[in-house]
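Student: My questions will all concern the structure given below.
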Amino acid sequence: MLFTYRKIMRNSSILLFLFCSLCKGDESTEALYRRTTRSWRTEKNWQLWHDYAKELLRRFENSVDRFEIVGGLEEGILAIEKTTVARGEGANPRRDAALSQLYYAYGHSLLDLDADECHVLALDPYTLLIGAETIKKNDDPSIELCIENAENALRNAVTLDATNSDADTLLQKIIGMESVHKRKPKEFVAELFDSFADSFDEKLVNDLGYKVPQIIGEAAKQLGSNYRNVLDAGCGTGLAGRFLKPLVANSMVGVDASQKMLDIAAKCTTHEGCGLKYETEAEEMKEEVLYDNLLVLDLEEMTLENTLNRNANENEPGFDLVVAADVLVYFGQLSNLLKIFAKVSIAGAKLVFTTERATEDEAPLGWRLLSSGRFSHTKQHAVEAASEAGYELVTYEEIVPRMEKGEEVQGHLFGFVLNGRSKLNEDEL
């Protein structure tokens with residue numbers, strides 16, 4: 001046990017800590033841990049871990065041996081994670097919320113250690129610090145390892161429980177950006193997809209059974225046909241483009257943050273490329289490129305001027321179809337993005353998109369950051385965000401967009417129509 005080892009390694013400090021604890025009538029950290037685990041296994045009450053994390057965080061500020069507190073938090077994390085793996089448990093929001101509190105307390109404690117304390121902790125062979133094995137006894141003390149692990153712990157906390165505002169706030173201070181729950185940074189998304197653009201189609205279509213392009217195309221066709229201008233938002237390598245092309249009367253514009261993905265989409269035609277073959281009985285049919293224009297652009301920075309080039313095409317009031325195939329998984333709160341879609345669309349325009357599915361219990365905010373780095377959303381949040389932008393839900397379906405680790409990913413397919421912009425503020429138009 002971590003407690004036993006640390007008592008041996010820091011005997012004098014522990015004896016002093018235990019002596020002071022007994023004088024004050026407080027139980028030791030190890031005794032608190034044992035009592036918590038014993039009660040938890042009997043009562044199945046996850047609130048016990050909330051109380052445990054809160055108490056250890058309180059003790060941390062005045063403890064004569066802060067390593068003992070850190071060890072107690074590590075033991076709590078291990079106790080829950082080991083039990084979860086042993087039982088093969090699936091989703092459990094109460095468990096995740098309790099584990100989130102432990103990760104928050106752990107990250108908070110690591111940030112409060114100084115360089116010397118971080119060095120001593122890293123030398124403990126039982127520590128949970130990632131990268132501790134690279135630290136040697138004669139190395140100069142550094143706080144960097146504890147900061148990196150604190151960030152990792154806090155990311156775990158907000159991933160497990162989106163309502164853990166304390167963890168979210170502390171993480172924001174470390175990484176220097178807005179809430180990680182709002183969306184993935186555009187630089188992150190661009191770098192991510194640039195890195196595996198060449199193998200993207202093969203991995204998705206062949207390895208993961210990716211079905212979203214066909215699903216999106218079929219949904220758009222059911223909502224209408226002969227669309228004048230189509231926006232493929234987050235088009236990637238153009239997998240959805242070939243299913244949309246037969247529906248386009250004038251132009252199809254693809255927007256993505258990754259230049260390398262767009263380079264592949266630019267080579268796609270109605271006959272080849274983009275991972276799938278376009279099947280047609282008319283071999284003499286003229287071969288066409290899928291996209292009339294491809295733009296490297298952040299989706300939340302789209303306007304009519306930088307997408308349809310309305311300054312040069314005054315007769316084009318906007319898009320009458322916007323699709324987002326497996327794109328909103330990189331956004332948490334959807335309201336802003338859906339308002340952008342509405343701004344570049346005409347009245348009566350259709351909007352089709354997919355998201356990964358979350359229940360109300362799993363995502364009380366309406367969205368949840370997953371361990372995969374993507375977001376899942378509740379149906380209610382997607383519908384409410386679209387309604388704020390002036391959309392009305394016309395079709396909905398629960399789908400399986402792909403496989404992941406041999407299991408079906410649960411998703412939503414939404415179809416909306418833009419009835420007007422009355423719910424948008426005038427200064428937003």
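Student: Which of the residues belonging to the range 1-38 are of a type in the set (D, E, K, R), modelled with pLDDT under 50 and open to solvent by 90 Å² or more (accessible area, probe 1.4 Å)? It would help to see each step written out before you state the result.
Tutor: Taking the range 1-38 and keeping what is of a type in the set (D, E, K, R), we get 6-7, 10, 24, 26-27, 30, 34-35, 38.
Subsequent filtering for residues that are modelled with pLDDT under 50 retains 6-7, 10, 24.
Once the filter is applied, which keeps residues that are of a type in the set (D, E, K, R), modelled with pLDDT under 50 and open to solvent by 90 Å² or more (accessible area, probe 1.4 Å), the range 1-38 yields only LYS24.
Student: Restricting to the range 375-405, name every residue that is part of a strand (DSSP E or B) and open to solvent by 40 Å² or more (accessible area, probe 1.4 Å). Write out each step before concluding.
Tutor: We begin by selecting, within the range 375-405, every residue part of a strand (DSSP E or B); these are 375-377, 391-399, 403-404.
GLU392, LEU393, VAL394, THR395, TYR396, GLU397, GLU398, MET403, GLU404 - these are the residues of the range 375-405 that are part of a strand (DSSP E or B) and open to solvent by 40 Å² or more (accessible area, probe 1.4 Å).
Student: Does the range 52-62 contain at least one residue that is over 20 Å from ASN164 (Cβ atoms), at pLDDT 90 or above and of a type outside the set (A, V, I, L, M)?
Tutor: Scanning the range 52-62 turns up at least one residue that is over 20 Å from ASN164 (Cβ atoms), at pLDDT 90 or above and of a type outside the set (A, V, I, L, M).
Student: Tell me the residue from LEU328, LEU290, LEU321 that is touching a Phe, Trp or Tyr at 6+ places or on another chain (Cβ under 6 Å), at pLDDT 90 or above and within 16 Å of ASN229 (Cβ to Cβ), please. Reasoning before the result, please.
Tutor: Working: LEU328 fails: within 16 Å of ASN229 (Cβ to Cβ); LEU290 fails: touching a Phe, Trp or Tyr at 6+ places or on another chain (Cβ under 6 Å).
Of the residues listed, the single one that is touching a Phe, Trp or Tyr at 6+ places or on another chain (Cβ under 6 Å), at pLDDT 90 or above and within 16 Å of ASN229 (Cβ to Cβ) is LEU321.
Student: Which of the residues belonging to the range 328-374 are without any contact (Cβ under 8 Å) to a residue 60 or more places away in the chain, touching a helix residue (DSSP H, G or I) at 6+ places or on another chain (Cβ under 8 Å) and either assigned to a strand (DSSP E or B) or of a type in the set (Gly, Ala, Ser) (or both)?
Tutor: SER335, THR355, GLU356, ARG357, GLY366, listed by residue number.
Student: Any idea which of GLU148, GLU191, GLU187, GLU218 is part of a helix (DSSP H, G or I), of a type in the set (Asp, Glu), at pLDDT 60 or above and closer than 29 Å to MET403 by Cα?
Tutor: Working: GLU148 fails: closer than 29 Å to MET403 by Cα; GLU191 fails: at pLDDT 60 or above; GLU187 fails: at pLDDT 60 or above.
Answer to the check: GLU218.
Student: Then there's this: Quick one: GLU356 ticks every box in (1) open to solvent by 40 Å² or more (accessible area, probe 1.4 Å); (2) farther than 20 Å from GLU301 by Cα except a single one, so which number is it?
Tutor: (1)
Student: I would also like to ask the following. If I ask for residues that are open to solvent by less than 20 Å² (accessible area, probe 1.4 Å), among the β-branched types (Val, Ile, Thr) and without any contact (Cβ under 8 Å) to a residue 60 or more places away in the chain, which ones from the range 206-252 would you list?
Tutor: Within the range 206-252, THR237 is the sole residue that qualifies.
Student: Tell me, which residue of the range 221-255 that is β-branched (Val, Ile, Thr) and part of a strand (DSSP E or B) is farthest from the chain's Cα centre (by Cα)? Outline the logic, then answer.
Tutor: If we filter the range 221-255 for residues that are β-branched (Val, Ile, Thr), which is where we start, we get 230, 237, 248, 253, 255.
Restricting the remaining residues to those that are part of a strand (DSSP E or B) gives 230, 248, 253, 255.
Numbers: VAL230: 27, VAL248: 32, VAL253: 26, VAL255: 21 Å.
Here the residue is VAL248.
Student: Continuing with the same structure: Of the residues that sit in the range 194-208 and are under 21 Å from the mean Cα position of the chain (by Cα) and outside any helix (DSSP H, G or I), which one is modelled with the highest pLDDT?
Tutor: Filtering the range 194-208 for residues under 21 Å from the mean Cα position of the chain (by Cα) gives 194-197, 200, 203-204, 208.
Retained after the next criterion (residues that are outside any helix (DSSP H, G or I)): 196-197, 208.
Details: PHE196: 47, ALA197: 42, LEU208: 53.
By that ranking, first place goes to LEU208.
Student: Within the range 107-137, restricting attention to residues that are modelled with pLDDT under 90 and outside any loop (DSSP other than H, G, I, E, B), which residue is most open to solvent (accessible area, probe 1.4 Å)?
Tutor: GLU133
Student: Shifting gears a bit: Restricting the search to the range 314-351, which residues are over 21 Å from the mean Cα position of the chain (by Cα) and β-branched (Val, Ile, Thr)?
Tutor: Answer for the range 314-351, where residues must be over 21 Å from the mean Cα position of the chain (by Cα) and β-branched (Val, Ile, Thr): VAL322, VAL344, ILE346.
Student: Quick check, is ARG41 part of a helix (DSSP H, G or I), open to solvent by 90 Å² or more (accessible area, probe 1.4 Å) and at pLDDT 90 or above?
Tutor: On the way: part of a helix (DSSP H, G or I): yes; open to solvent by 90 Å² or more (accessible area, probe 1.4 Å): yes; at pLDDT 90 or above: no.
For ARG41, the condition - part of a helix (DSSP H, G or I), open to solvent by 90 Å² or more (accessible area, probe 1.4 Å) and at pLDDT 90 or above - is not met.
Student: Taking the condition open to solvent by 50 Å² or more (accessible area, probe 1.4 Å), more than 22 Å from SER376 (Cα to Cα) and either of a type in the set (A, V, I, L, M) or modelled with pLDDT under 85 (or both), does ASP140 pass?
Tutor: Values: open to solvent by 50 Å² or more (accessible area, probe 1.4 Å): yes; more than 22 Å from SER376 (Cα to Cα): yes; either of a type in the set (A, V, I, L, M) or modelled with pLDDT under 85 (or both): no.
Spelling it out, it is not the case that ASP140 is open to solvent by 50 Å² or more (accessible area, probe 1.4 Å), more than 22 Å from SER376 (Cα to Cα) and either of a type in the set (A, V, I, L, M) or modelled with pLDDT under 85 (or both).
Student: Next up: Under 8 Å between Cβ atoms, at least 6 apart or on separate chains: pull out the pairs that start in the range 395-416 with a residue that is free of Cβ contacts under 8 Å to residues at least 12 places away in the same chain and more than 25 Å from LYS339 (Cβ to Cβ) and end on any residue that is part of a loop (DSSP other than H, G, I, E, B) and open to solvent by 10 Å² or more (accessible area, probe 1.4 Å).
Tutor: Sorted first by the residue in the range 395-416, then by its partner, the pairs are GLU408/VAL400.
The values are calculated or read from the model by the stated rules, or taken from the named source; none is laboratory data. Every value quoted in this text rests on a predicted model; they were computed, and no experiment measured them. Please note: Cβ atoms are built from the backbone with ideal geometry, for glycine as well, and neighbour counts cover all protein chains shown. For accessibility, only protein heavy atoms count, side chains too; no ligands or nucleic acids. Shrake-Rupley method; radii C 1.70, N 1.55, O 1.52, S 1.80 Å.
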